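What follows is one structure encoded as structure tokens, with my remarks underneath.
The values are calculated or read from the model by the stated rules, or taken from the named source; none is laboratory data. If you're wondering where the values come from, they're calculated on a predicted model, not measured in any experiment. Note: accessible area is taken over every heavy atom of the protein model, side chains too, but ligands, DNA and RNA are not part of it. Shrake-Rupley method; radii C 1.70, N 1.55, O 1.52, S 1.80 Å.
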Amino acid sequence: MSTVAPGSRSDSALLAAGIALVVLPLAAIAIKIAWPGWMLFFVLFASPLLAIGYVVQVVVAAMGFFGGRALFRAGTARRRALIAAWLTSGGVLATGLFFVDGGDSSWGSSFMYLVGAASDPVLGMLSGVISIAAAIAWLGVWGWLVVEWIGALIRRRRSAEPHPSPPR
């Protein structure tokens, strides 16, 4: 099992991944709200589920990536958790950026509006494919991150329990 010295460069990797888990979903929402459309109205119906998922993600970030007792500070799951944190953070950001939506006068993704190609059918199809792939990756990797977190909680609990002496 590897250990990491406090204040080391790899502690900053944990901190950065934890910050990404907290901040990038909010950035994705801000991006989508900057260029809203009718699909955003329908996304609001899923907002309670998305809010619960975000709260779980913030708890995972707080317990797994922040502080001296962070669950992923050391151990075999550290690298997997870092990868999962960055992939889920990038996935939610890409979903928000490429999610194709329709407005009253034009349609497109935030990306399409940023590059000045609103209502372009080819870019709209490409943006739609990217957003679907990003959403699938985001949700799948989010589940992987939660499984890693639960596993780390179980390992910490088992290591804290006293081990019985073998019978004589």
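Laid out as a table, the results:
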| quantity | calculated |
| --- | --- |
| Centre separation in Å (Cα based) which lies between region 122-143 and region 54-108 | 15 Å |
| For the chain, built as a Gaussian network whose Cα springs stay under 10 Å, the top-fluctuating residue of Leu153, Leu71, Leu114 | Leu114 |
| Accessible heavy-atom area order of Met125, Met112, Met39, highest first, probe of 1.4 Å | Met125, Met39, Met112 |
| With all protein chains modelled, accessible area of Trp144 [1.4 Å, Å²] | 90 Å² |
| Amide proton proximity set for Trp107, modelled H, under 5 Å, gap of 5+ | Ser119 |
| Average accessible surface area per residue within the chain, 1.4 Å rolling probe, Å² | 60 Å² |
| Under the span-like rule (Cα at least 20 Å along the axis, Kyte-Doolittle mean at least 1.0), DSSP H helices of the chain | 9-34, 47-65, 121-160 |
| For region 56-132: relative contact order, % (alpha-carbon pairs under 8 angstrom, 6 or more apart) | 21 percent |
| The chain - mean residue ellipticity at 222 nm from DSSP helices (-39,500 (n - 2.57) per run, n ≥ 4, rounded to 500) | -24000 deg cm²/dmol |
| Accessible area, probe 1.4 Å, largest first, for residues Val146, Val56, Val23 | Val23, Val56, Val146 |
| Sulfur and carbon atoms: percent of accessible area, region 13-168 [1.4 Å] | 76 percent |
